[in-house]
Amino acid sequence: MVGMVTVSSSSDDAVLAAQIRKGCELSWTILYQRFQGRIYRFGWRMSGSPSLAEEATQETFLALLRYPERFDPARGSLGSFLLAIARKKVLDLLEAERGYVAMPEGKCENVGATEDVDVMGQSAVLRLICGLPTPYREVIVLVELDELDYAEAAAALDCPVGTVRSRLHRARQMLIERMVPVCPA
Amino acid sequence: MSGMTPDPEKEQMLSEQLALLAKRSGVMEAPARVEAELLQAFRHKHARRAVWPYWLGTAAAVVATIFFVGQPKDMMPPAVELPPVIAAVPRDVPVVPPVAPVVPRVVRTALRSAPAQPREIATDFFAMRTGPLVDPGELSSLVRMSVPRSTMSQFGLPVDWANADAAIRADVLIGQDGVARAIRFVR
């Protein structure tokens, strides 16, 4: 006896999660391939560290594996759920590594229209982003780099949309200030 | 600092740099070892002992063999191959332990009562476990899903790696225990 069920893209998340809870390896593989890039990129963009991004990715999916019942399709997509977990993991790892490095005053950053990549392959603007306080770094990464809209970013950060807008505006101001050489005339 | 007037030129420069960073980092993915370790953790969590007595499994295999061999060929669904794809430069495929069974078994008859929708072309079903797909009297479901095209490589189908992340529809046979038994790809 076979019943045909057509699953739309919006219900894929619920079906995937249910199949994973039952031990379906294919569903697990599909889920990982679907979301790993996004989670990894978020971790890298927040820290500039491939190893931190790798660890955050692993911890995020392990959290889902351990507690799959915590995902509620009625509250949001699986991608948003995983991103929220990843955010907490990244913040914990940054705190543990004390990854916040304030840009020293007076240092000139040559961020021009052409690509400016240091020996580590990181752009100057990424270094500037990683030097921002965490609340501002998050909105820059989510909105400007991950290209989430304000509502999605607000959901990921668990804050109002207005807070996302104001933090983004302030974050951009801070980046521009640090892009300008603060050198004595 | 709070009194700074906005500078359109600097805003534009920042926007360009952010867009460039987004584009350059947009292709980044987690290393293959992460997938392998997570898959190992998944299997460890869901490891289960075989509950089938040996003799019952053997009997089921005999019945399945008689069933498959006894079907007239003209009642079998047409074996449709996906059109050949031009193999682009293959991307690095994660080294993942093969999903059992290692050699996918093509099922031609067990699911002939569940044809693909009209005007659809589908591959045969590929078994995802050894033994019979559906036990006698067992309820099962056919679920349509969207999966990455790269999934087809696990079943020996050619994949255009330049387009591997694009979605393709798949019908997955789910047993009463919620475990996937077979899959076919649909176009």
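The values are calculated or read from the model by the stated rules, or taken from the named source; none is laboratory data. Bear in mind that the values here come from a model prediction, so they are computed numbers and not experimental data. Note that we place each Cβ from the backbone using ideal geometry, even for glycine, and neighbour counts take in every protein chain shown.
The table for this structure:
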{"read-out": "Candidate set from segment B:150-187 (those that are in contact with a Pro (Cβ under 6 Å, 6 or more places away or on another chain) and surrounded by 16 or more Cβ atoms within 10 Å (Cβ to Cβ)); member that is modelled with the highest pLDDT", "value": "B:Phe155"}
{"read-out": "Failed item in (1) more than 10 Å from chain B (Cβ to nearest Cβ); (2) at pLDDT 95 or above, with A:Leu145 passing the rest", "value": "(1)"}
{"read-out": "In segment A:148-169, the residues that are assigned to a helix (DSSP H, G or I) and within 12 Å of another protein chain (Cβ to nearest Cβ)", "value": "A:Leu168, A:His169"}
{"read-out": "Number of the condition not met by B:Arg105 [criteria: (1) at pLDDT 50 or above; (2) over 30 Å from B:Ala47 (Cβ atoms); (3) basic (Lys, Arg)]", "value": "(2)"}
{"read-out": "Hits in segment B:120-164 - residues which are under 15 Å from the mean Cα position of the chain (by Cα), within 11 Å of chain A (Cβ to nearest Cβ) and farther than 17 Å from B:Ala182 by Cβ", "value": "B:Ser146, B:Pro148, B:Arg149, B:Ser150, B:Ala164"}
{"read-out": "Any hit, segment A:33-40, residues being within 30 Å of A:Ala171 (Cα to Cα), touching a Pro at 6+ places or on another chain (Cβ under 8 Å), modelled with pLDDT of 95 or more and facing another protein chain (nearest Cβ under 7 Å)", "value": "no"}
{"read-out": "Every residue from segment A:132-172 that is surrounded by fewer than 19 Cβ atoms within 10 Å (Cβ to Cβ) and over 16 Å from the mean Cα position of the chain (by Cα)", "value": "A:Pro160, A:Val161, A:Gly162, A:Thr163, A:Arg165, A:Ser166, A:His169, A:Arg170"}
{"read-out": "Residue within segment A:122-141 that is modelled with pLDDT under 90 and either more than 19 Å from B:Leu14 (Cβ to Cβ) or assigned to a loop (DSSP other than H, G, I, E, B) (or both) present", "value": "yes"}
{"read-out": "Flag for A:Thr29 being closer than 19 Å to B:Arg43 by Cβ and more than 8 Å from chain B (Cβ to nearest Cβ)", "value": "no"}
{"read-out": "Residues that are over 21 Å from A:Val143 (Cα atoms) and among the hydroxyl-bearing types (Ser, Thr, Tyr), drawn from segment A:39-88", "value": "A:Ser51, A:Tyr67"}
{"read-out": "Tabulated pairs, segment B:13-27, first within 7 Å of A:Leu145 (Cβ to Cβ), second in a loop (DSSP other than H, G, I, E, B), C-beta under 9 angstrom, 6+ apart or interchain", "value": "B:Ala22/A:Asp146; B:Ala22/A:Glu147"}
{"read-out": "Evaluation of A:Phe71 against (1) at the interface with chain B (Cβ under 10 Å from one of its Cβ atoms); (2) touching a Phe, Trp or Tyr at 6+ places or on another chain (Cβ under 6 Å); (3) under 15 Å from A:Ala14 (Cα atoms) (one fails), failing number", "value": "(1)"}
{"read-out": "Selection status of B:Ala22, within 20 Å of the chain's Cα centre (by Cα) and modelled with pLDDT of 55 or more", "value": "no"}
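So that you can scan it fast, the table gives a plain yes or no per residue for (1) of a type in the set (Phe, Trp, Tyr); (2) at the interface with chain B (Cβ under 10 Å from one of its Cβ atoms); (3) under 23 Å from B:Ser150 (Cβ atoms):
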{"residue": "A:Ile20", "(1), (2), (3)": "no, yes, yes"}
{"residue": "A:Ser49", "(1), (2), (3)": "no, no, no"}
{"residue": "A:Gly79", "(1), (2), (3)": "no, no, yes"}
{"residue": "A:Lys88", "(1), (2), (3)": "no, no, no"}
{"residue": "A:Asp92", "(1), (2), (3)": "no, no, no"}
